[in-house]
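No lab work stands behind these numbers, since they all come straight from the coordinates. Because the structure is a prediction, the values reported are computed rather than measured. Glycine gets a Cβ as well: all are built from the backbone with ideal geometry, and neighbour counts include every protein chain shown.
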Amino acid sequence: MDIDVWFFGRFRELATRQQIVTLDSGARLGDLIEWLIKEFGIEFKEEIKKTKSYAMMRNKRYCDLSTHRNTPLKNGDVVAFMPIVAGG
């Protein structure tokens, strides 16, 4: 199955481009994260650990990696990584 992955902020610097990731049927959000860490390396892994400084969205819905790691993915899903913006 193909997952469309978008990167913003620091993730964009580390990944350098939007990515279509092909995973096995039945893959979960955690499997996608592991694939991205293998693809983009230790700095990407360290950024993923900073869960308070970024938001992860799946099909326009917020996902927290600590509670959504086992969320099943479907062909055509869009997953985005972006910095949390605050202010006013």
(request) For helix 29-40, report the angle its Cα long axis makes with the longest principal axis of the Cα atoms of the chain; keep it between 0 and 90° and round to the nearest 10°. (result) 70
(request) Treat each spin label as a single point 7 Å out from the Cα along the C-beta direction, and report the D24 to N75 distance in nm. (result) 1.8
(request) Return a whole-number percent for the relative contact order of the chain, with Cα pairs under 8 Å and 6 or more residues apart as the contact set. (result) 44
(message) Only counting other Cβ atoms within 10 Å, I'd like Y62, Y54 sorted with the fewest neighbours first.
(response) Y62, Y54
